[in-house]
Amino acid sequence: MTYGELAERSWSWVLGQVRWDDDGPWIPEAAGDAGPSPDRDGMHNGIGGLAHTLAEIRLVRAWTPAEQDLAAAIGDRIRSSIPSTTATTFFDGLVSSIGVLTALDQPGTSAAVERLQALQTANGWPESFLDEPRYEPGAVANDITLGTGAVLLGALWALRHGSDASALAGRAADLLLAEQEVLPTGLNWQFVSRRFRSDEPTEMPNFSHGLAGIVAVLAVAGADLDRPELVDAARRGAEHLVTLGINDDRGFRVPRVIPWAARHGDEYTYNWCHGGAGTALAFSALEYAGVPAIAGDSPASWRRRCLDSVRYSGIPERLHPGFWDNDGRCCGTAGVGDAFLDAWLRDGDKADLEFAVLMGDTLVDHADPEGYWRFVEHKNADPLLPPGVGWMQGAAGISAYLFRLQRALDGDQRSVVRMDNWFSAARPRQ
């Protein structure tokens, strides 16, 4: 079976999971669930994520009438929810809505920007998960997926698609700068700043919830908004980042959690969210912003070291229980493959393409004949988890990678760009 054939089979399975009610389409988080994901409209596990797969399919073939109807209904559902949405995140909130609508080439981005402006507080954009007792009233997160960094990322993406989001971008950038921690080694940001916490923070310094993602969005913002102080803050953040990890002949890798404890599992992982595949994006962004050096070496060399850490890690083999038990975009094989395809298209290194193909082969090996994947939770009595449906942790996202891999091998080097990856394919500024 070719990658493209498996992608079509998987996508057909995803379409078979789509349900409809009076409010429009929805998907379960996992096959067999009686209702939609708690974040029904979001990119991560909700109906919004299917827009990104549809964007990939559009480079392969024309949409079928059923796919056209689904795309229209997703757009209608997202636009109708904007006025009442209070979540702001890249995964499941208004920033997600910006990504979904731009992926579908549909209107509504400006309404999401206006809603984000209406929701801002003196500190930024609070989220419901910050209602826990350990957080002070008015607490906000800083990171690129759930916090102020996400709002900045969404504003930059909206600007690139013609919406007047300059005021929102400027406000988010200023708020993020204000939360910096000045250290002898550079700058740092907590997931939630110490002033909002009653406990000692645990850091997750890679892309999804920590320093690497904040470095990335500040670097891109500095370049696009012509604010050199943002680029300098990103540079100083990267100077601190490189002190947190190991840099040796197996690449550069940063612990998943600091301080690490045995209860956290493996100290290092290699995926998009908490490993080298994602952390490389910070150095791509610094290249884009024209930063010449981090700790004496070019951002390009640090980016390559991040990817080397993935290549030499042993993935996609499941080396021990709990190691590499996920094939999704966020935490597993498909996300790594996408990062290496980006690197191949940028640098032309055949080894990157070969590693991307290895990820594709692994997805073929792990696929159920029906076209879905079951990840593993080794601590459970039944370790096989139900098959996920959506973009970040399910078959929709995996099928998109397989569609892309087949196109690349067929000679089509076009990429579907999204707000979290476009700068990794862009050539650095001279």
> At what distance in angstrom do the alpha carbon centres of the range 40-57 and the range 311-387 lie from each other?
Replying inline: 20 Å
> Please identify the GluC sites (Glu not before Pro) of the range 292-395 that satisfy two criteria: DSSP loop assignment and at most 11 other Cβ atoms within 10 Å. Which are they?
Replying inline: GLU317
>> Counting only helical runs of four or more DSSP H residues, what would the 222 nm mean residue ellipticity of the chain come to if each run contributes -39,500 (n - 2.57) and the total is spread over all its residues?
In response: -14000 deg cm²/dmol
> Taking a label point 7 Å from the Cα of SER80 along the Cα→Cβ vector, which residues of the range 25-40 have an amide N closer than 13 Å to it?
Replying inline: 25-26
> In the chain, with Lys and Arg counted as +1 and Asp and Glu as -1 at Cβ, which of these residues, GLY332, HIS378, GLY322, has the Cα nearest the positive end of the dipole, that is, farthest along it?
Replying inline: GLY332
>> Net charge around MET204, counting only other residues with Cβ within less than 13 Å of its Cβ (Lys, Arg = +1; Asp, Glu = -1)?
In response: -2
>> What distance in nm separates the two pseudo spin-label positions at TRP260 and LEU183, each 7 Å out from Cα along the beta-carbon direction?
In response: 1.6 nm
>> Considering just Cα atoms, how many Å³ per residue does the convex hull of the chain enclose?
In response: 141 Å³
> For the chain, what is the relative contact order in percent, using Cα pairs closer than 8 Å and at least 6 residues apart in sequence?
Replying inline: 18 percent
> Stretch ASP410-HIS320 to full length: gain in nm at 0.36 nm per residue minus the Cα-Cα span?
Replying inline: 28.9 nm
> Rounded to the nearest 0.05, what FRET efficiency do GLU354 and ARG197 have when you use their Cβ-Cβ distance and R0 = 51 Å?
Replying inline: 0.70
>> Residues of the range 316-334 with backbone nitrogen within less than 20 Å of a virtual label 7 Å along the Cα-to-Cβ line of ASP382, please, listed as ranges.
In response: 322, 325-327
> What's the carbon and sulfur percent of the range 207-268's accessible surface, probe 1.4 angstrom, rounded to a whole number?
Replying inline: 49 percent
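The values are calculated or read from the model by the stated rules, or taken from the named source; none is laboratory data. Just so you know, these numbers come straight off a predicted model, no measurement behind them. All Cβ positions, glycine included, derive from the backbone under ideal geometry; neighbour counts span all protein chains shown. Accessible surface is based on the protein model in full, side chains and every heavy atom, while ligands, DNA and RNA are left aside. Shrake-Rupley method; radii C 1.70, N 1.55, O 1.52, S 1.80 Å.
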